[in-house]
Amino acid sequence: LPERPFHETRRTIEEDLGDDLEDLFDHFDPKPIATASIATVHRALLHDGREVAVKVQHRGIDMIIRQDLDNAMVITESIVEEDPKFDFRSILREWCNETTKELDFVQEAYNTETVRRKLLCDTTVVTTVPKVIQTERIFPTTRVLVLEFIDGVKPTDRDALARIGADNAEVLEAISVAFARQIFVDGLFNADPHPGNLLVDRHSKHPVLLDFGFTKEVPRESRLSFARLLKENPGLRPTAW
């Protein structure tokens, strides 16, 4: 999406964290490094020298999204009345429920740290998750989330991957292992793993998982059933397994 006016970003940060931008950060780049449907992300420097990524929710986006979802439900109800075979209201209800959760960056911070800690417990996992930054002045709020900055390239940029010396097969394997751990072992996983939510670290060459606003839990019985299905039906497994 087009970037938002910087004065809006500044206002949101100062309202949520209760300090002037200059008191919170040693340097704050007004030019965003990314802008998506819910938030914009800026690169900044803390007073202690740490580089961070600051995710700031668009002002008023919560009302817009809730209205859009209400409209989608009304349209769906009308479609069902005309032709019941197009009744996908149960899918839409779950979508509405999960989408509104993405508007709470406090929950996202919790999801991020929970998944990060669990992945760190497994030595077979080399995929990383940025740390959530918390100090006396900086902490997660509904609209502001400050994370460790990791310099990386997009996993879909083959030229960039080649320039940093990343091995495509190793990157894919590392991502697969990380998600297998999340889904089958921990039962909590990033449910929005599109390329925009993945990076490859320029230095370690390891994948980085981003954006845990949309995180799903898998009950233990479902995990066991899915694992049993794959074990008993080798033909269903990806070739790399």
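The values are calculated or read from the model by the stated rules, or taken from the named source; none is laboratory data. What you see is a predicted model; the values in this text were computed from it and never measured. Methodologically, a virtual Cβ is constructed for each residue, glycine included, from the backbone with ideal geometry; neighbour enumeration extends over all protein chains shown. All accessible areas refer to the heavy atoms of the entire protein, side chains included, with ligands and DNA or RNA removed. Shrake-Rupley method; radii C 1.70, N 1.55, O 1.52, S 1.80 Å.
Couple of notes before you dig in:
- The chain: C-alpha gyration tensor shape, a/c 1.5 cut-off, then a/b vs b/c: oblate
- Among Val129, Val80, Val171: highest mean-square fluctuation, GNM of the chain, C-alpha pairs under 10 Å: Val80
- Percent accessible area from carbon and sulfur atoms, segment 126-172, protein chains only, probe 1.4 Å: 47 percent
- Derived scalar couplings between HN and Hα for segment 92-103 equal 5, 4, 5, 4, 4, 5, 6, 5, 5, 5, 5, 7 Hz in order, rounded to whole Hz, by the Karplus curve 6.51 cos²θ - 1.76 cosθ + 1.60 (θ = phi - 60°), x for Gly and Pro.
- Whether segment 67-142 is rounded, prolate or oblate, judged on the alpha carbon gyration tensor where a/c under 1.5 counts as rounded: oblate
- Sorting the segments 108-119, 207-218 by their mean number of nearby beta carbons within 10 angstrom, highest to lowest, gives 207-218, 108-119.
- Ligands, DNA and RNA are left out, and with a 1.4 angstrom probe the accessible area of segment 4-112 is 57 Å² per residue.
- Per residue, the chain reaches -13000 deg cm²/dmol at 222 nm when only DSSP H runs of four or more residues are counted, each adding -39500 (n - 2.57).
- Overall form of segment 119-202 per C-alpha gyration tensor (a/c, 1.5; a/b vs b/c): oblate
- Using a cutoff of 8 angstrom between alpha carbon atoms and counting only pairs six or more residues apart, the relative contact order for the chain works out to 17 percent.
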